[in-house]
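Notes to accompany the following structure.
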Amino acid sequence: MARANAPVEIPEVDALPGFPLPHERNRLIGHRETEKELLDAYRSERLHHAWILGGPKGIGKATLAFRFAQFVIANPDRFGAVVASAQDLAVPEEHPVSRQIKAGGHPNVLHLRRPWDEKSKRFKSDLPVDEVRRTVSFFGTTASAKAWRICIVDAADDMNASSANALLKILEEPPVRCLFLVLSHAPGRLLPTIRSRCRRLDLAPLTPDDIRQGLQELAPDAVPGGEDLREIAETADGSLRSAITLLSGDGLTIARGVKRLAENAGQLDLASVHALADMVSARGQTDNWENFQHVIQIWLHEKMRTELAQGVGVARRYVDIWQKTNQAIRDSDALNLDRKQVVLDFFLALRAA
């Protein structure tokens, strides 16, 4: 029986049950050149105060951000011997800073993300302005002359207009010895004024070998062999998170079903579409819902690239489906609408196209 005064555990947005969160990881899969670029920037004469870490969801942007934050706070002297001789951003696991950040409690790191709404038992649909305004008190507190303070915005794509403007304001007048690590799945969509005040560093999708290595490290007992592992690595499209979700629930079945039905949308098998939609929208199967989103995005991206060779007008129909489906997904998540209808509408739109 739980104690009456036991603390309530607040869910973490984008958490994968059974897998460590980015701030809990000491290892970085891939991105060696990007990591080296951050390290070189830190020990250079001129260090930019704000960085946009860009790239698709699930490729390691947050893990790299926390790894960099950990290194900076553990080594505040940019021109000291430890930083000068460092080969990467690794900090020993037994280091006090490493332990604090892994526990999620270091006072010099502010992690901004979509908050949990206890009343509705759901995450907020966006990163609200009140969250971004936490930077005021965070940077307003007294710190030692040598201490760095680091704000991680995870992810900037979730900001609404008010929160984006609030972030812009503090980026325009940055405090002394501060760093902003702004994560974005689509940096080109951020406000131009935010982009102009940040140095952009894009992370490349992980290679299939990186995906295999990550799966074997994080889920050694669940990794399939042979053709299934190859298909997961390829379908994940460079995202370790997507590879993990493909291992869960009915991931591979959904991926294969979406591809087969989408490629034959002109002669759509409605019974199969309904069966797939039931699987995707099954109660409690959030991995299935995420897998569906990931696979259709990959399929539509590839279709748009292929169709562009035939002319912008031909590709436009897929752009329209992409935009409408993404809006339907956002509405479904924000308003708790019927996910099955989103799946059905996607395939019906393909058939009409």
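For this structure, a couple of remarks:
- Selected residue (criterion: farthest from LEU171 (Cα to Cα)) from residues of region 101-137 that are part of a loop (DSSP other than H, G, I, E, B) and in contact with a Lys or Arg (Cβ under 6 Å, 6 or more places away or on another chain): LYS124
- The condition of being touching a residue at least 40 places away in the same chain (Cβ under 8 Å), under 16 Å from the mean Cα position of the chain (by Cα) and open to solvent by 30 Å² or more (accessible area, probe 1.4 Å) holds for only one of ARG189, ARG241, ARG197, that being ARG241.
- All positions within region 139-167 that are in a helix (DSSP H, G or I) and either out of contact with any Lys or Arg (no Cβ under 7 Å at 6 or more places or on another chain) or under 14 Å from ASP126 (Cβ atoms) (or both): GLY140, ALA156, ASP157, ASP158, ALA161, SER162, SER163, ALA164, ASN165, ALA166, LEU167
- Among residues of region 175-200, those that are in contact with a Leu (Cβ under 8 Å, 6 or more places away or on another chain), in a loop (DSSP other than H, G, I, E, B) and of a type outside the set (D, E, K, R), counted: 2
- Residue list for region 67-81, filter: without any contact (Cβ under 8 Å) to a residue 60 or more places away in the chain, surrounded by fewer than 17 Cβ atoms within 10 Å (Cβ to Cβ) and charged (D, E, K, R): ARG78
- Breaking point among (1) under 30 Å from ALA328 (Cα atoms); (2) open to solvent by less than 30 Å² (accessible area, probe 1.4 Å), for PHE123: (2)
- ALA84, sole failed condition from (1) of a type in the set (Gly, Ala, Ser); (2) assigned to a helix (DSSP H, G or I); (3) surrounded by fewer than 17 Cβ atoms within 10 Å (Cβ to Cβ); (4) touching a Pro at 6+ places or on another chain (Cβ under 9 Å): (4)
- Hits in region 153-180 (condition: in contact with a Ser or Thr (Cβ under 6 Å, 6 or more places away or on another chain) and open to solvent by 30 Å² or more (accessible area, probe 1.4 Å)): ASP157
The values are calculated or read from the model by the stated rules, or taken from the named source; none is laboratory data. Note that the coordinates shown come from a computational prediction; the quantities given were computed from them, not determined experimentally. Every residue, glycine as well, gets a Cβ built from its backbone with ideal geometry; the counts of neighbours run over all protein chains shown. Quick note on the areas: whole protein, heavy atoms, side chains included, nothing else; ligands and nucleic acids left out. Shrake-Rupley method; radii C 1.70, N 1.55, O 1.52, S 1.80 Å.
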